[in-house]
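Encoded as C-alpha cells, the structure appears first; notes follow it.
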Amino acid sequence: MAIMRTHYASGITPGMNGDTVTVAGWVHEIRDLGGICFLVLRDREGFIQVTMVKKKTDPALFDAGRRLNRESVVLVTGVVKEANQAPNGYEIIPEILNMLSEAKSPLPMDVTEKVGADIDTRLDSRFMDLRRRKMLAAFVIRHHALIAVRNFLTNEGFIEIHTPKVVAAATEGGTALFPITYFNREAFLNQSPQLYKQIMMAAGFDRVCEIGAIFRAEEHDTLRHLNEATSIDIEASFADHFDVMGILERLIHDVYAHVSRQCKPQLSALGIDLFVPELPFRRLTYDDALEIAHQHGHDIEWGDDFGTAAERAIGSAVGEHYFIINWPTEIKPYYTQAYDDAPRYSKSFDLMHPRMELASGSQRIHSHDLLRQRIAACGLDPGGFDFYLKAFRYGMPPHAGWGLGTERLVMTMLDVENIRDVVLFPRDRKRLSP
Ligand code: AMO
C-alpha cells in the first residue's frame, strides 16, 4: 500500500484542475449531508477538501469515507477539481482512500480550536495539542527565529560550539543545581555554559556562541520560568559590555525582521502584527530604574533585584525593549567585572522586554587572582573551580558576553502568556512527562 503523498495542501492549485494527486494527513472534519460527504483533511501546510458525491463515488469508498473518525490518518488519491467555495479554491474527487491509522474515540482534546482545554489537559496529550494550527505556527516561528540567530551570529564572526551539560561546578550563584550521579561521583546538570564559553576565550576562538539546554532547580511555579530552558549564549574576546550589548540589540532587531519577513502565514494564524523594535534600545542605569520603581510605589532597597511587579512598572514606563546597566556588583555573579573607579557598580546589563527580563551579560573579570578572590568572597570553594581558573593563568584576553532565553524571546515576540506554550515538552516543578 502506498504511503507517500505527492503534494501538501499548499502545493496544489486550482490550475491543476484534472491532475491526479495523492494527499495525506489527519481527518480534521467530516460533514455528512446524506447525498454528499465532505472530508476535510489536515496536513502540516493546510487543509484539503475531499468531496464525495454519493451518486458518483464508488459505494465502498463513500461508505468508508463517511465512517472515518476525526483525527484518523488517511491517504487519498484523487483528481483535483477547481471549486471556488472550497479552501484554496480546489477540492479532491477521491478514487482511492486508505485509512493508515484509525483514531480512537473520544479524543482526549479538541484540535479544531472550537473547544478550549486547560494547560494540564493539553500537556498530558501534547502530541494532539501540537496538532492545533496556532501551536504549529508558534513552533515554526521559533525555528525561524533560531535560524535568524545563527545567521546573524555567523555573520558577526561567531563560531557555534557545544559544551558539556553534565558538569562539576555551579556557575550562577543563587539558582539551585540538579545533582546527578556520575558513576560514583556527584555531578550536576549545567545551569549555563558560562565557564566553558569563557574557557574558549583562553582557547583563542575569539567569538563563540551556543544554543543549548540549561537546567535550573528553581522552585518557582510561574508563567515565565522553566526548569529546563534553551539559552542562546555568546562570549567575545577583546570586547567590553557595551560591545556585546550592541551585538545583542542588533540580534533582537534582526530576529524580529527575519520573522516578520519569513513567517507571514504563521503570524497571521496567530493574529499578530509584528512590530520590529527600533534601535538603539534605551539604556537605563540600575539607579534610574530604581528611581522609576520608587516613583511607582515599589519599595526596593539599593542592592536588591527588582522583582516581577517593579519590573512590570518600569517596563510600562519605558514601553519598549531597554537595557538596565551598571548593576550593583554584589548582586551579580562572581565573574562580573566591577568599575575600577566605582567598584560598587558592575559592568553588567540586563536586556528587558516591557514584560520581563530576556537576557543578562557583562564584561568578565579576566585576571586570575581577582577571579579567584571573588569566587572565595562569594562563599564558593575556589578548589572546585580549578579547571576554570587554570584557563586564566596562561593568557586570557579581556572578554564579555551574554545569555538570552530562547523561550522568553519567542513568548514576548508572539505575546504568549505562558512560557510552556513556546516549548514542546516543558519541564516544570510538577511535570516530567511527556
Ligand atoms: P541568567 O541566569 O540571567 O544569566 O540567564 C540568562 C537568561 O536565560 C533565561 N533564563 C530562563 N528562562 C526560563 N526559565 C528559567 N528558569 C531561566 N533562567 C534563565 C532568561 C535569562 O535572562 N551566565 C549568565 C549569562 C551571561 O552572563 O553570559 C546567565 O546564565 O531569559
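In this structure, Phe152 does not qualify as within 16 Å of the ligand (Cβ to nearest atom), hydrophobic (A, V, I, L, M, F, W, C) and either surrounded by 15 or more Cβ atoms within 10 Å (Cβ to Cβ) or in a strand (DSSP E or B) (or both). Scanning segment 196-215 for residues that are among the β-branched types (Val, Ile, Thr) and more than 11 Å from the ligand (Cβ to nearest atom), we see that the one that is least open to solvent (accessible area, probe 1.4 Å) is Val208.
Based on this model, can you work out whether Ser346 counts as in the same structural domain as Leu195 (by TED's automatic domain parsing), touching a Lys or Arg at 6+ places or on another chain (Cβ under 7 Å) and within 15 Å of the ligand (Cβ to nearest atom)? Criteria met by Ser346.
For segment 30-89, filtered to residues that are assigned to a helix (DSSP H, G or I) and within 29 Å of Val140 (Cα to Cα), the residue that is least open to solvent (accessible area, probe 1.4 Å) is Gly89.
Here Pro164 passes the criteria (1) open to solvent by 70 Å² or more (accessible area, probe 1.4 Å); (2) of a type outside the set (Gly, Ala, Ser); (3) closer than 30 Å to Gly383 by Cα except the one numbered (1). With respect to being in contact (Cβ under 8 Å) with a residue 40 or more places away in the chain and more than 17 Å from Ala213 (Cα to Cα), Glu417 fits the description. Filtered by the rule that a residue be open to solvent by less than 30 Å² (accessible area, probe 1.4 Å), more than 7 Å from the ligand (Cβ to nearest atom) and over 18 Å from Leu251 (Cβ atoms), segment 216-236 gives a lone residue, Ala217. Taken over segment 368-408, residues that are surrounded by 14 or more Cβ atoms within 10 Å (Cβ to Cβ), touching a helix residue (DSSP H, G or I) at 6+ places or on another chain (Cβ under 8 Å) and not in a helix (DSSP H, G or I) amount to 7. Applying the criterion of being more than 13 Å from the ligand (Cβ to nearest atom) and more than 18 Å from the chain's Cα centre (by Cα) to the residues of segment 237-255, the residue that is nearest to Ser433 (Cα to Cα) is Arg250. Would segment 387-402 turn up any residue that is within 13 Å of the ligand (Cβ to nearest atom), in contact with a Pro (Cβ under 8 Å, 6 or more places away or on another chain), under 30 Å from Thr222 (Cα atoms) and among the small types (Gly, Ala, Ser)? Taking every residue of segment 387-402 in turn, none turns out to be within 13 Å of the ligand (Cβ to nearest atom), in contact with a Pro (Cβ under 8 Å, 6 or more places away or on another chain), under 30 Å from Thr222 (Cα atoms) and among the small types (Gly, Ala, Ser).
Taking segment 90-133 as the range and being loosely packed, with under 15 Cβ neighbours inside 10 Å and in a helix (DSSP H, G or I) as the test, the residues that pass are Ile119, Asp120, Thr121, Phe127.
The values are calculated or read from the model by the stated rules, or taken from the named source; none is laboratory data. Predicted model, so just to flag it, every value in this text is computed and none were measured. No Cβ is skipped: glycine too gets one built from the backbone with ideal geometry, and neighbour counts run over all protein chains shown. Just so you know, the surface numbers come from the protein's heavy atoms only, side chains and all, with ligands and any DNA or RNA stripped out. Shrake-Rupley method; radii C 1.70, N 1.55, O 1.52, S 1.80 Å.
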